[in-house]
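I have placed the structure first, in the form of structure tokens, so that the comments after it can refer back to it.
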Amino acid sequence: MVNSAAMLPKTLVKAWVEAFNRGDAEAMAAFYAPDAINHQVAEQPVRGREAIRAMFARDFAAAEMVCIVENLFEDGEWAILEWRDPKGLRGCGFFRVVGGKIAFQRGYWDKLTFLRQQGLPLPQA
């Protein structure tokens with residue numbers, strides 16, 4: 001397990017991407033503060049490390065997800081990630097890192113395109 005306490009935001013997000021690409025919800029949850037918020041704007045905010053772990057475990061079981069880093073920037077407590085996946089989906093994420101843990105994350109991506117690419121059910125109109 002990586003010791004995130006000494007990591008700068010950009011370094012932490014690089015390790016986060018590695019865990020994401022392994023589909024390792026447990027390792028990913030360890031990067032979050034106990035009271036962290038993960039808000040993927042296509043979804044309701046998820047609050048707390050355990051709920052975030054459960055979200056990733058559920059999502060990894062439902063879909064094949066890969067994060068290819070296109071750009072990764074750091075500004076103070078923030079890391080900004082621009083990504084794509086092998087199927088052409090693109091998005092970006094903003095990570096606020098406090099005390100070596102993700103305190104807040106917000107992600108932007110096209111949910112409808114994701115569901116179609118993954119062959120998952122589309123939301124009811």
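We did not get these values from a lab; they are worked out from the coordinates using the rules stated. Everything quoted here is computed from the prediction, not taken from an experiment. When we count neighbours, we look across all protein chains shown, and the Cβ atoms used for this are built from the backbone with ideal geometry, even at glycine.
Odds and ends about this structure:
- Once C-alpha pairs closer than 8 Å and six or more residues apart are averaged by separation and normalised to the residue number of the chain, the relative contact order reads 27 percent.
- Charged-residue dipole, Cβ positions (Lys, Arg, Asp, Glu), the chain about Cα centre, Debye nearest 20: 160
- Nearest 10 degrees, 0 to 90: helix 9-22 Cα axis against the chain principal axis: 40
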